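Chemist: Sharing a structure below in structure tokens format, with a few things to ask.
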Amino acid sequence: MIFSRGGQSFLALVLLIGSIVVAVGLTVSTLANSFLDTGFGYEASVIAQSAATSGAEDALLRLDRNASFSSAGYSLTVAGANAMVSVTQNFPSSNFVTVSSTATVSGRTRTIGVIVVNNAANGQMNIASWQLE
């Protein structure tokens with residue numbers, strides 16, 4: 001008796017091609033998910049940085065209105081994002097004011113640190129340092 005092995009070869013070929021298609025599909029879906037997460041993460045970090053910057057600018061406005069303003073921490077909401085702002089007088093030394101503003105959006109945290117020189121003699125305040133920490 002002679003048996004044809006054409007069916008077995010065809011089945012093996014179908015399984016091989018099917019495995020390759022599944023592997024390519026999984027790779028494409030993983031990459032697409034990664035790209036989407038990266039895009040949303042970038043957007044969240046930009047929103048967090050904007051909120052932290054707004055918090056620092058709010059503290060500077062309050063200092064401009066009241067040179068002795070100090071706060072252990074207050075919250076400022078900007079476009080749905082929360083910024084925690086603290087203002088410390090005479091730190092790191094006398095006549096300096098340190099402002100720290102931190103915002104977190106979707107796990108992305110950004111902090112802005114500002115050091116202001118407070119000249120009591122003429123009432124001027126100058127920014128000595130502004131940095132993203």
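The values are calculated or read from the model by the stated rules, or taken from the named source; none is laboratory data. Everything quoted here is computed from the prediction, not taken from an experiment. Reconstructed Cβ throughout: ideal geometry from the backbone, glycine too, with neighbour counts over all protein chains shown.
Chemist: Does residue 121 satisfy the condition of being farther than 24 Å from residue 41 by Cβ, in contact with a Gly (Cβ under 8 Å, 6 or more places away or on another chain), modelled with pLDDT under 90 and assigned to a loop (DSSP other than H, G, I, E, B)? Reasoning before the result, please.
Modeler: On the way: farther than 24 Å from residue 41 by Cβ: yes; in contact with a Gly (Cβ under 8 Å, 6 or more places away or on another chain): no; modelled with pLDDT under 90: yes; assigned to a loop (DSSP other than H, G, I, E, B): yes.
Against the criterion (farther than 24 Å from residue 41 by Cβ, in contact with a Gly (Cβ under 8 Å, 6 or more places away or on another chain), modelled with pLDDT under 90 and assigned to a loop (DSSP other than H, G, I, E, B)), residue 121 does not qualify.
Chemist: Under the condition of being over 19 Å from residue 120 (Cβ atoms) and part of a loop (DSSP other than H, G, I, E, B), which residue from the stretch 38-94 is modelled with the highest pLDDT?
Modeler: 80
Chemist: Are any residues in the stretch 76-94 surrounded by fewer than 19 Cβ atoms within 10 Å (Cβ to Cβ), among the small types (Gly, Ala, Ser) and within 19 Å of residue 133 (Cα to Cα), and if so, which ones? Steps first, please.
Modeler: Within the stretch 76-94, the first condition is being surrounded by fewer than 19 Cβ atoms within 10 Å (Cβ to Cβ), and the residues that meet it are 77-80, 82, 84, 86, 88-94.
Now drop any that are not among the small types (Gly, Ala, Ser), which leaves 79-80, 86, 93-94.
Once the filter is applied, which keeps residues that are surrounded by fewer than 19 Cβ atoms within 10 Å (Cβ to Cβ), among the small types (Gly, Ala, Ser) and within 19 Å of residue 133 (Cα to Cα), the stretch 76-94 yields only 86.
Chemist: How many residues does the stretch 95-108 hold that are assigned to a strand (DSSP E or B) and not hydrophobic (A, V, I, L, M, F, W, C)?
Modeler: Narrowing the stretch 95-108 to residues assigned to a strand (DSSP E or B): 96-105, 108.
Those still in the list that are not hydrophobic (A, V, I, L, M, F, W, C) too: 98, 100-102, 104, 108.
Total meeting the criteria: 6.
Chemist: If I go through the stretch 114-132 residue by residue, how many of them are in contact (Cβ under 8 Å) with a residue 24 or more places away in the chain and within 18 Å of residue 55 (Cα to Cα)?
Modeler: Step one: list which residues in the stretch 114-132 are in contact (Cβ under 8 Å) with a residue 24 or more places away in the chain, which gives 114, 116, 118-120, 123, 125, 127-128, 130, 132.
If we keep only those that are within 18 Å of residue 55 (Cα to Cα) too, we end up with 114, 116, 125, 127-128, 130, 132.
Selection size over the stretch 114-132: 7.
Chemist: Then there is this: When both residues are 6+ apart or on different chains and their Cβ atoms are under 7 Å apart, which pairs have a first residue that lies in the stretch 71-98 and is without any contact (Cβ under 8 Å) to a residue 60 or more places away in the chain and under 14 Å from residue 111 (Cα atoms), and a second that is loosely packed, with under 10 Cβ neighbours inside 10 Å and among the hydrophobic types (A, V, I, L, M, F, W, C)?
Modeler: 86/72
Chemist: If you take the residues in the stretch 95-125 that are among the hydrophobic types (A, V, I, L, M, F, W, C) and touching an Asp or Glu at 6+ places or on another chain (Cβ under 8 Å), which one is surrounded by the fewest Cβ atoms within 10 Å (Cβ to Cβ)?
Modeler: Our first condition is that a residue be among the hydrophobic types (A, V, I, L, M, F, W, C); within the stretch 95-125, this holds for 96-97, 99, 103, 105, 112, 114-117, 120-121, 125.
Keeping just the survivors that are touching an Asp or Glu at 6+ places or on another chain (Cβ under 8 Å) gives 112, 125.
On the way: 112: 24, 125: 16.
So the residue we want is 125.
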